[in-house]
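Values quoted throughout were computed directly from the atomic coordinates according to the rules given, and no laboratory measurement underlies them. Note that the structure is predicted; figures quoted are calculated from it, not measured. Note that each Cβ is placed from the backbone with ideal geometry, even for glycine, and that neighbours are counted across all protein chains shown.
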Amino acid sequence: MYEETLLRAILSMTARQAFSEDKVLQIVAPKSPGETQIAAYNLCDGTRLQGEIAKELKLDPSNFSKTVARWVEAGIVVKLGDKNESKPLHIYPLTKERMK
């Protein structure tokens, strides 16, 4: 568990150098205010299946799948696990101030 925490911290620190919070926000929610998109992105913490996130936020699973694919392509989310059981992991969560 310690190694996983350390690796997540390294990912977050490295990602913050490559992607500013403004840039991540622009990718996550290109249309203001995008509160649901930001909430979905923040739930991509590597502990939930993609379908669980969509269900929790009452999102269309197909549309959310496309959104996650866009985030993966942009480099702000990686998928952990195999294709059918993947858990999306964001590079770092967006802060509450960004949700306003």
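Maximal additional length on extending the A15-E73 stretch stands at 19.4 nm, based on 0.36 nm per residue less the C-alpha distance.
Couplings for region 29-36, taken from phi via the Karplus curve 6.51 cos²θ - 1.76 cosθ + 1.60 with θ = phi - 60°, read 9, x, 10, 5, x, x, 4, 5 Hz in order; Gly and Pro are left as x. Each residue of region 54-63 was assigned a 3J(HN,Hα) from its phi angle through the Karplus curve 6.51 cos²θ - 1.76 cosθ + 1.60 (θ = phi - 60°); the sequence is 4, 5, 4, 9, 6, 9, 5, x, 5, 5 Hz, with glycine and proline shown as x. For the chain, dividing the convex hull volume of the Cα atoms by the residue count gives 102 Å³ per residue. Residue exposure proxy: L25, L89, ordered by other Cβ atoms within 10 angstrom of their Cβ from fewest to most, comes out as L89, L25. Using only the Cα atoms of region 1-46, build the gyration tensor, take square roots of its eigenvalues as a ≥ b ≥ c, and label the shape rounded, prolate or oblate: rounded if a/c is under 1.5, else prolate if a/b is larger than b/c, else oblate. Oblate is the answer for region 1-46, as a/c is 1.5 or above yet b/c matches or exceeds a/b.
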